[in-house]
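The values are calculated or read from the model by the stated rules, or taken from the named source; none is laboratory data. Note that this is a predicted model, so its numbers are computed, not measured. Note: ideal-geometry Cβ built from the backbone for every residue, glycine included; neighbour counts use all protein chains shown. For accessibility, only protein heavy atoms count, side chains too; no ligands or nucleic acids. Shrake-Rupley method; radii C 1.70, N 1.55, O 1.52, S 1.80 Å.
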Amino acid sequence: MTNFAVIGNGAVGSVIANELKSAGKNVRLFGRQEQQIILSMPQQVKLNVTSLVVNQEKFDYIFVAVKATRIAEIRSALIKMCHPDTIIIVCQNGIGQLPQFNMAQSFQAAVYISGQKNGLQVTHFRDKKLILPEHQLMHQLKEELSDTELVIEVSSNQLTILWYKMLVNLGINTVTALSKNTAQIVEIPELRELVQSLLKEGILIANTHGESFTHEVVDEIMAIYDGYPPQMGTSMYYDTLENRLLEYDFIQGEFYRLARHYQLKTPVLDTCCILLSAYQYKKH
């Protein structure tokens with residue numbers, strides 16, 4: 001039987017693990033410590049979490065669903081989990097992390113799973129979709145998961161899809177983190193204008209880098225935000241509440257670096273990045 005591991009018991013990891021478990025897959029969910037969590041979808045299910053530190057097993061597929069800021073923290077344990085044919089699916093926000101997963105053949109997924117974790121309670125809001133790059137191994141994985149309720153897509157246009165997800169994260173993650181408020185703030189007219197301006201700058205950067213997004217994408221993404229439950233937070237919003245390191249470098253920081261590289265004028269992005277970097281500033 002195929003062995004699956006999911007590292008990270010937040011919203012993304014918990015949903016993936018539950019769908020694999022519900023389909024009868026041999027799956028283990030890993031976190032910092034051994035515990036039991038409650039996942040609401042909206043029905044409540046209990047999921048056992050195993051400590052990553054004590055694991056001695058090797059796995060055929062490993063879904064990495066911890067934040068990009070924790071890659072170094074899990075690296076040694078991840079190496080021990082791999083055999084020569086292990087496949088790693090990176091389920092993280094951001095882009096460009098794959099070189100850090102050189103212990104096995106790795107692929108990055110564009111993840112559309114929305115939820116939140118509060119203590120030992122995880123609430124799933126919407127979507128169970130992973131978009132994977134065009135590759136024979138990804139088609140095999142799609143077939144392997146065909147009896148689950150995960151929506152698995154394999155796309156030859158996956159890099160563009162990752163950039164689209166980056167744009168989605170750029171707008172809502174930025175303003176929810178800076179305001180320490182949930183998705184309800186997109187109802188504020190002035191805030192909507194700011195987010196739209198930020199998205200336009202993000203599109204300019206992505207297109208200069210080789211993509212070809214139209215400005216209709218701004219309306220599409222705003223419609224996505226409007227579909228979020230008002231009480232839904234983002235990963236960066238919850239990180240600010242918990243005083244954790246933000247994924248700034250992998251989302252806003254990537255846009256900022258490219259804007260500087262191409263000498264683009266991005267005043268809204270620049271201001272947001274200054275504030276986000278100031279949040280993470282610690283004087284030693």
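Taking Thr240, is it out of contact with any Ser or Thr (no Cβ under 8 Å at 6 or more places or on another chain), hydroxyl-bearing (Ser, Thr, Tyr), at pLDDT below 95 and farther than 13 Å from Met166 by Cβ? Yes.
Does at least one position in segment 27-37 carry a residue that is part of a loop (DSSP other than H, G, I, E, B), in contact with a helix residue (DSSP H, G or I) (Cβ under 9 Å, 6 or more places away or on another chain) and either under 20 Å from Asp147 (Cβ atoms) or among the aromatic types (Phe, Trp, Tyr) (or both)? Looking for residues that are part of a loop (DSSP other than H, G, I, E, B), in contact with a helix residue (DSSP H, G or I) (Cβ under 9 Å, 6 or more places away or on another chain) and either under 20 Å from Asp147 (Cβ atoms) or among the aromatic types (Phe, Trp, Tyr) (or both), one finds none in segment 27-37, hence no.
Of all residues in segment 11-34, those that are within 18 Å of Ala77 (Cα to Cα) and either buried (at least 24 other Cβ atoms within 10 Å of the Cβ) or not basic (Lys, Arg) (or both) total 7. The criterion of being in contact (Cβ under 8 Å) with a residue 40 or more places away in the chain and either open to solvent by less than 40 Å² (accessible area, probe 1.4 Å) or β-branched (Val, Ile, Thr) (or both) does not hold for Leu241.
Name the residue, out of Ile113, Ile131, Ile88, Ile74, that is in contact (Cβ under 8 Å) with a residue 40 or more places away in the chain, in a strand (DSSP E or B) and crowded, with 18+ Cβ neighbours inside 10 Å.
Ile113
Val49 meets all of the listed conditions (1) within 18 Å of the chain's Cα centre (by Cα); (2) aliphatic (A, V, I, L, M); (3) in a strand (DSSP E or B) but one, namely (1). Within segment 166-191, being open to solvent by 30 Å² or more (accessible area, probe 1.4 Å) and assigned to a helix (DSSP H, G or I) holds for Leu178, Ser179, Gln184, Glu187, Pro189, Glu190, Leu191. Residues that are open to solvent by 20 Å² or more (accessible area, probe 1.4 Å) and either closer than 18 Å to Asp226 by Cβ or at pLDDT below 95 (or both) do not occur anywhere in segment 134-147. Only residues that are touching a strand residue (DSSP E or B) at 6+ places or on another chain (Cβ under 8 Å) and of a type outside the set (Val, Ile, Thr) were counted in segment 53-76, giving 8. Does Phe59 satisfy the condition of being farther than 10 Å from Gly8 by Cβ, of a type outside the set (D, E, K, R), at pLDDT 95 or above and open to solvent by less than 10 Å² (accessible area, probe 1.4 Å)? Yes; evaluated as a whole, the condition is true for this residue.
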